[in-house]
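Note sheet for the following structure.
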Amino acid sequence: MSLRKTIVSSLFVCSAALFAVAAQAAADGSASTSASPNELFKWINFAIVAGALLWLFGKKLPPSFRSRAEKIGSLIAKATAVKAEAERRLRDAEQRLARLEEEVRGLREEAQKEAVAEAERIRALAKSDAEKIAIAARAEIEAAERAARVELKALAAKLAVDGAKSLLVKQLTPQSQEALIAGFVKTLEGSPN
């Protein structure tokens, strides 16, 4: 409403100025009186056109400017909200990035600890397996040694029997055989059975 008042007051001032100029021109009684009414009509026409333009712009432009200002204000508010959200996301991303470096460091340390523990477990398993293999090897060696002793005893007994047999064959003649049989029969006769 203040714009309308401004427009009306400016039209009134322009009209008053035009009438004052026209009155002064008539009072002067200048030599070119024929130009004066034409000039007066030109100024009146200008005032009417200017007033119509001011009234038209005064009626149409303020709502347009107001809606435009509201749109710009809402866009600025949205941009501010989007900027705040983007800044919040940036801070979150920076915090996650900082935590990510710490997590990576922690994972590396944990992996190293697990690798050391796994290496120690493997060493313990290898040592246990080596001890089991050594025990099994000793048992196998002892079993092989016993088998070899038994086989050696059997071979020694066979050799002794073969040696005794060959010695008997050499020493036992038909006459010594008859003497042995006769001695055996005598011992049988003397036994109570």
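Note on the stretch 101-193: Lys pairs 8 or more places apart or on different chains, Cα atoms under 26 Å apart, count 6. Positive contributions from Lys and Arg (+1) and negative ones from Asp and Glu (-1), summed over other residues with Cβ under 13 Å from the Cβ of E85, come out at +3. Across the stretch 156-181, the residues whose backbone nitrogen lies under 15 Å from the label position 7 Å along the beta-carbon direction of L188 are 178-181. In a shell of Cβ-Cβ distance under 15 Å around A156, excluding A156 itself, what net charge do Lys and Arg (+1) and Asp and Glu (-1) give? With Lys, Arg at +1 and Asp, Glu at -1, the neighbours total +2.
When the Cα gyration tensor is reduced to axis lengths a ≥ b ≥ c, the ratio a/c is 1.5 or higher for the stretch 120-193, and with a/b not above b/c it is classed as oblate. In a fully extended conformation the segment linking A137 and L125 would gain 2.5 nm over its present Cα-Cα distance, using 0.36 nm per residue. Note on the stretch 70-172: Cα convex hull, mean projected area over all directions, 11.9 nm².
Within the same chain, lysines fewer than 8 places from K83 are excluded, and of the rest, those with a Cα less than 25 Å from its Cα are K71.
Laboratory data are not the source of any read-out in this text; all were calculated from the coordinates shown. Only a predicted model underlies this, so the values are computations on that prediction, with no experimental measurement involved. Note that we place each Cβ from the backbone using ideal geometry, even for glycine, and neighbour counts take in every protein chain shown.
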